Amino acid sequence: AVVSTQSTGIRKIEISEVQWYSYVLAGYLGIAKRINTLPPGLQVMVDGSVPMSAGLSSSSALVCASALLATLVLKDKSLSREQIAELCAKSERYVGTEGGGMDQAISFLGVKGKAQLINFNPVRCEPVTLPDSVTFVVSNCLVNKWKADGTDFNNRVAECRLGCKVLGCKLGSDWRSITTYHHPYSKQEIMEILGCSEEEFSTIIGRSNNKQFKLFDRADHVAGEAARVAQFHKLCADGNPNAEELGALIDASHLSLKDKYNVSIDELDTLTQICREAGALGSRLVGAGFGGCTISMLPKSMEKKFIQEVYEKYYAPRNLKFEECHGRHIFPTSPGHGACLLEGL
């Protein structure tokens, strides 16, 4: 990342080689571009407790915090929470990840004690009341995965984009020609279906370097995950949801992420299984996958016993002391309030 300065402030921000502070620059740059102004330079102290490269949105947290600070510094308070969430989702792409907007949406639209059903185009949220009888515990598999350091994440985005376009073409054609195609598509096959040029194809896939595209599996996962979200929301909205039914949906989500979306790894599969054996009603990877954390739903009464058992089966064999893990690698969590500015402290 390169920041060029002049006497009146920052002249130019370029994000090339990615470092943690690139996410800070991305949020600041997004707001500055929106109001088309030269932002002043800043001295900023960054502090936080979100584990890095663990699938818990630490990068998005930096983007959102920086953008929120920029609205104060640049005196632009016209944005709603929904608008700044959408802007942050776009700003994070300056770093090189073809991300969506869920992390940024919950960062600004979170409500203490409530889950959120998030919809897009435009961003909007609906609070969801979770059962009082359960709690959630995050467990880190200790394999770090930085979204910006490779193309695995961007490849999945490209496959989903292509899947949508291919489905659109297929559904607009004669129904007799629609077949179930489980094998990976080649670049040439997709170009022929879409009738697009190589240049257009490159624009669609963005930063992906895939040679083959598993469009059926990716589309099957996305459609199935959307159905699971809808069912989870319905169960909660009906009142007194069966926690075991909710847990089964969480387990099904992990299985699909593993087998259809192919973003799980052995450590995550092992950890989710240990969590289930320790009493979790449901356990799945959280974040983009390829490492990072799991989140487990369990009865509140089992929290202490659950944490101890997961420590003994996963962390102790890795020569980690309980004091090193508790609160750092494994910890309870609950929905919190969205980002805000604290002035006059």
Among the residues of region 73-93, is any in contact with a Leu (Cβ under 6 Å, 6 or more places away or on another chain) and farther than 30 Å from LEU298 by Cα? yes
For the structure I just gave you, tell me whether GLY336 is in a loop (DSSP other than H, G, I, E, B) and either more than 30 Å from LEU215 (Cβ to Cβ) or open to solvent by less than 20 Å² (accessible area, probe 1.4 Å) (or both). yes
Assess whether GLY279 counts as being over 29 Å from PHE213 (Cβ atoms), of a type outside the set (Ser, Thr, Tyr), touching a helix residue (DSSP H, G or I) at 6+ places or on another chain (Cβ under 8 Å) and in a loop (DSSP other than H, G, I, E, B). yes
Tally the residues that are free of Cβ contacts under 8 Å to residues at least 40 places away in the same chain and of a type in the set (A, V, I, L, M, F, W, C), restricting the search to region 301-339. 5
So, restricting to strands (runs of 3 or more DSSP E) that lie completely within region 61-150, which ones have at least 2 residues that are out of contact with any Lys or Arg (no Cβ under 9 Å at 6 or more places or on another chain), touching a residue at least 24 places away in the same chain (Cβ under 8 Å) and acidic (Asp, Glu)? none
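Taking the stated definitions as given, is PHE216 touching a Leu at 6+ places or on another chain (Cβ under 6 Å), modelled with pLDDT of 90 or more and open to solvent by 40 Å² or more (accessible area, probe 1.4 Å)?
No; evaluated as a whole, the condition is false for this residue.
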Residue within region 239-256 that is under 25 Å from PHE331 (Cα atoms), touching a residue at least 60 places away in the same chain (Cβ under 8 Å), open to solvent by 60 Å² or more (accessible area, probe 1.4 Å) and assigned to a helix (DSSP H, G or I) present: no
Could you check region 156-186 and list, in sequence order, the residues that are farther than 15 Å from ALA219 by Cβ and at pLDDT below 90? GLY172, SER173, ASP174, TRP175, ARG176, SER177
Looking at region 112-123, can you tell me whether even one residue there is under 27 Å from ILE330 (Cβ atoms) and in contact with a Cys (Cβ under 6 Å, 6 or more places away or on another chain)? yes
Can you confirm whether LEU268 is open to solvent by less than 40 Å² (accessible area, probe 1.4 Å) and part of a helix (DSSP H, G or I)? yes
So which of GLY282, GLY292, GLY287 ends up being crowded, with 19+ Cβ neighbours inside 10 Å, at pLDDT 95 or above and either of a type outside the set (A, V, I, L, M) or within 21 Å of GLN231 (Cβ to Cβ) (or both)? GLY282
Can you find even one residue in region 29-49 that is over 30 Å from ALA243 (Cα atoms), among the β-branched types (Val, Ile, Thr), surrounded by 14 or more Cβ atoms within 10 Å (Cβ to Cβ) and modelled with pLDDT of 85 or more? yes
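Just to verify a result, which residue in region 219-238, among those that are among the hydrophobic types (A, V, I, L, M, F, W, C) and over 30 Å from TYR185 (Cβ atoms), is most open to solvent (accessible area, probe 1.4 Å)?
The qualifying residue most open to solvent (accessible area, probe 1.4 Å) is ALA237.
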Please state which of the following conditions ASP259 fails to meet, knowing it meets all the rest: (1) open to solvent by 70 Å² or more (accessible area, probe 1.4 Å); (2) modelled with pLDDT of 95 or more; (3) over 20 Å from the mean Cα position of the chain (by Cα). (3)
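The values are calculated or read from the model by the stated rules, or taken from the named source; none is laboratory data. These numbers were taken from a predicted model, which means no experiment stands behind them. Don't worry about glycine lacking a Cβ; one is built from the backbone with ideal geometry, like all the others, and counts go over all protein chains shown. Keep in mind that these areas ignore ligands, DNA and RNA; they rest on the heavy atoms of the full protein, side chains included. Shrake-Rupley method; radii C 1.70, N 1.55, O 1.52, S 1.80 Å.
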